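Okay, so here's the structure we're looking at.
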Amino acid sequence: MSTVAAFYGGKSILITGATGFLGKVLMEKLFRTSPDLKVIYILVRPKAGQTLQQRVFQILDSKLFEKVKEVCPNVHEKIRAIYADLNQNDFAISKEDMQELLSCTNIIFHCAATVRFDDTLRHAVQLNVTATRQLLLMASQMPKLEAFIHISTAYSNCNLKHIDEVIYPCPVEPKKIIDSLEWLDDAIIDEITPKLIRDWPNIYTYTKALGEMVVQQESRNLSIAIIRPSIVGATWQEPFPGWVDNINGPNGIIIATGKGFLRAIKATPMAVADVIPVDTVVNLMLAVGWYTAVHRPKSTLVYHITSGNMNPCNWHKMGVQVLATFEKIPFERPFRRPNANFTSNSFTSQYWNAVSHRAPAIIYDCYLRLTGRKPRMTKLMNRLLRTVSMLEYFINRSWEWSTYNTEMLMSELSPEDQRVFNFDVRQLNWLEYIENYVLGVKKYLLKEDMAGIPEAKQRLKRLRNIHYLFNTALFLIAWRLLIARSQMARNVWFFIVSFCYKFLSYFRASSTLKV
Ligand SMILES: CCCCCCCCCCCCCCCCCCCCCCCCCCCCCC(=O)SCCNC(=O)CCNC(=O)[C@H](O)C(C)(C)COP(=O)(O)OP(=O)(O)OC[C@H]1O[C@@H](n2cnc3c(N)ncnc32)[C@H](O)[C@@H]1OP(=O)(O)O
Ligand SMILES: NC(=O)C1=CN([C@@H]2O[C@H](COP(=O)(O)OP(=O)(O)OC[C@H]3O[C@@H](n4cnc5c(N)ncnc54)[C@H](OP(=O)(O)O)[C@@H]3O)[C@@H](O)[C@H]2O)C=CC1
């Protein structure tokens with residue numbers, strides 16, 4: 001019997017961000033391995049015209065939860081959605097709900113955050129810093145609380161090269177920032193943002209660093225742990241390989257490449273691609289929840305869950321495998337044939353953007369206009385290139401994260417727990433994982449049917465022929481223009497033609513002699 005799974009039996013667990021990518025996989029694993037848990041409280045806001053209940057039903061009815069329904073048929077009764085908006089005071093939770101949360105919660109997993117790189121400082125601080133502070137305040141009023149697990153990111157200190165499992169101080173106190181945002185107007189905030197975030201690449205990573213400082217400052221005598229995952233990718237093994245549900249990080253890039261929109265990227269091929277499967281992160285989270293509650297470490301422990309130091313892969317290897325998978329399982333209706341050119345040079349990158357991205361988009365928009373349709377490709381391309389430029393910082397550098405605490409925890413687990421809550425990334429086979437990842441993007445994100453693969457392959461063949469024809473035509477036009485203007489080009493042309501003629505005559509003569 002798994003000690004970790006047994007620990008969650010009979011427990012009331014509070015999860016923020018349960019409707020997000022990580023949150024859903026966390027709930028799924030909890031229900032599947034500890035079906036006797038008491039209740040999972042989730043803080044949810046209505047969204048996209050859906051009520052809380054509709055959102056919960058949609059999650060539980062998804063493929064991700066199919067196995068859960070077998071082991072925990074009453075899962076609907078064990079999930080309690082509480083109306084909450086983490087941007088509001090007291091999260092806008094009703095008094096009765098708040099009372100229940102305060103008196104019953106045993107474990108908190110704080111996953112909610114804004115992960116947008118281009119959010120405003122005001123909103124990102126509200127969610128990633130102030131809300132964390134407020135949740136800690138709530139936690140301090142929970143008599144039954146055993147552990148508070150805060151999810152940060154391995155990139156919260158990406159301004160450093162080597163990152164240890166410690167909380168690093170930020171240049172400006174989080175409290176000062178929270179206070180000043182209350183009275184500063186948006187225009188001034190925009191102006192001071194670059195000065196505040198200094199060498200952090202974006203507001204997201206900066207506010208996650210502030211969030212960690214708040215955790216340290218407001219920890220009181222709570223048992224707290226911080227988990228720092230790197231780039232969270234599709235599931236590796238559980239509940240099935242390749243599950244993804246949003247277009248963040250690598251997912252959007254895989255779609256853009258598979259559909260033939262993105263054909264070149266400014267990336268350092270040999271830089272470490274620190275992708276970590278989401279189920280591995282969740283396994284660590286559950287093990288940390290158990291360890292923090294049972295062993296009550298004296299200080300807040302930080303756990304890195306990264307792949308680079310244990311089982312490194314680089315962007316080149318990933319790109320090659322992603323492209324190889326597109327050959328076997330292409331995406332439907334690609335704009336162009338998938339291809340990937342890496343460049344670490346800014347000038348070459350600008351060239352590729354002009355030739356491989358903007359020019360085809362403009363040509364396609366002209367075609368749409370001529371056929372009486374609304375042009376849209378240039379707008380889409382600009383958006384894609386903006387997104388890619390935001391990711392560039394992370395795909396042109398490598399970091400070293402120490403993993404002493406994570407390794408220590410692994411050694412503390414029984415063999416059964418090491419199996420059920422496996423977070424040993426050394427066992428991961430990248431080639432297999434990437435293939436399943438791409439397949440998962442096709443099935444769960446693009447919702448494409450596998451039956452459409454033969455047609456997609458046909459279309460790729462057509463696109464390749466068009467590509468060759470286009471290039472040949474372009475070459476002939478350029479050559480024709482050149483020989484019209486240059487004596488040298490004419491001489492070369494004459495030489496080639498006469499050489500071919502002589503070769504053919506010789507070939508014909510020798511074959512006549514043989515007869
Ligand atoms: C094993 C896999 C490896 C993959 C390797 C890829 C290989 C590819 C093949 C080869 C290519 C060749 C070279 C490849 C080499 C490089 C590969 C690069 C891989 C990518 C590396 C990722 C690095 C990430 C670094 C992360 C560091 C920190 C990690 C974290 O802690 S948090 C998670 C990271 N956060 C994000 O990723 C968020 C980033 N997003 C944003 O900031 C914004 O969304 C935005 C990008 C700025 C876009 O903003 P916009 O305003 O332009 O768009 P908008 O948000 O309005 O959305 C547009 C439409 O999309 C819909 N939408 C948005 N979000 C989602 C979502 N989550 N789910 C579903 N749909 C979403 C939105 O609704 C809009 O739709 P519309 O309204 O209909 O228009
Ligand atoms: N994905 C990644 O690559 C990585 C993620 N992380 C961290 O993991 C955690 C989870 O990330 P991930 O699941 O990918 O992110 P998602 O964007 O998928 O999920 C974010 C969650 O936060 C919730 N949320 C946002 N704003 C509010 C609000 N005002 N009130 C209530 N809930 C809110 C969202 O709810 P709603 O559905 O209503 O929008 C959603 O459930 C974050 O802390 C992130 O920093 C760390 C490293 C990498």
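Where a number appears in this text, it was derived from the coordinates with a stated rule and is not lab data. Given the structure is predicted, the values throughout are model-derived calculations rather than measurements. When we count neighbours, we look across all protein chains shown, and the Cβ atoms used for this are built from the backbone with ideal geometry, even at glycine.
Nearest 5 is fine: what % of DSSP beta bridges in the stretch 190-342 come out antiparallel, could you say?
10 percent
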Exercise. Which pairs, out of K24/K208; K78/K317; K161/K259; K195/K442; K78/K175, put more than 31 Å between their alpha-carbon atoms?
Worked result: K78/K317; K161/K259; K195/K442; K78/K175
Exercise. Using +1 on the beta carbon of Lys and Arg, -1 on that of Asp and Glu, and nothing else charged, what's the dipole of the chain about the Cα centre, debye to 20?
Worked result: 3260 debye
Exercise. For the stretch 244-259, in order, what is each residue's ³J(HN,Hα) by Karplus, 6.51 cos²θ - 1.76 cosθ + 1.60 with θ = phi - 60°, in whole Hz (x at glycine and Pro)?
Worked result: 9, 9, 9, 9, 5, x, x, 4, x, 5, 4, 5, 4, 6, x, 8
Exercise. Taking the Cβ-Cβ separation of R490 and T371 as r and a Förster radius of 30 Å, what is the calculated FRET efficiency to the nearest 0.05?
Worked result: 0.15
For this session: Decide, for the chain, between rounded, prolate and oblate: order the square roots of the alpha carbon gyration tensor eigenvalues as a ≥ b ≥ c, take rounded if a/c falls under 1.5, and otherwise choose prolate if a/b is larger than b/c, else oblate.
Result: prolate
For this session: Give the relative contact order (percent, whole number) for the chain; include only Cα pairs under 8 Å separated by 6+ residues.
Result: 16 percent
For this session: Filter the trypsin sites (Lys or Arg not before Pro) in the stretch 395-450 to those in DSSP coil with at most 10 other Cβ atoms within 10 Å of their Cβ, and list the result.
Result: K447
Exercise. How many percent of DSSP beta bridges within the chain run antiparallel, rounded to 5?
Worked result: 5 percent
For this session: Quick one: order L368, L196, L262 by neighbouring beta-carbon count within 10 Å, fewest to most.
Result: L368, L196, L262
Exercise. Counting other Cβ atoms within 10 Å, which trypsin sites (Lys or Arg not before Pro) in the stretch 285-344 have at most 11 and lie in a DSSP loop?
Worked result: K298
Exercise. Any idea what angle helix 315-328 forms with the longest principal axis of the chain, computed on alpha-carbon atoms, 0 to 90 degrees, nearest 10?
Worked result: 70 degrees
Seminar exercise, completed: Honestly the stretch 293-425 on the Cα gyration tensor test (a ≥ b ≥ c root eigenvalues; a/c under 1.5 rounded, otherwise a/b vs b/c for prolate or oblate) is just prolate
Problem set entry | Charge sum, other residues only, whose C-beta stays under 14 Å from Y204's C-beta, Lys/Arg counted +1 and Asp/Glu -1 | +1
Exercise. Measuring from centroid to centroid over Cα atoms, what is the spacing of the stretch 358-417 and the stretch 39-112 in Å?
Worked result: 30 Å
Exercise. List the trypsin sites (Lys or Arg not before Pro) in the stretch 176-279 that DSSP assigns to loop (not H, G, I, E or B) and whose Cβ has at most 12 other Cβ atoms within 10 Å. Which are they?
Worked result: R198, R220
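Could you compute the net charge surrounding S103? Neighbours are other residues with a C-beta less than 12 Å from the C-beta of S103; K and R count +1, D and E count -1.
Local net charge: -2.
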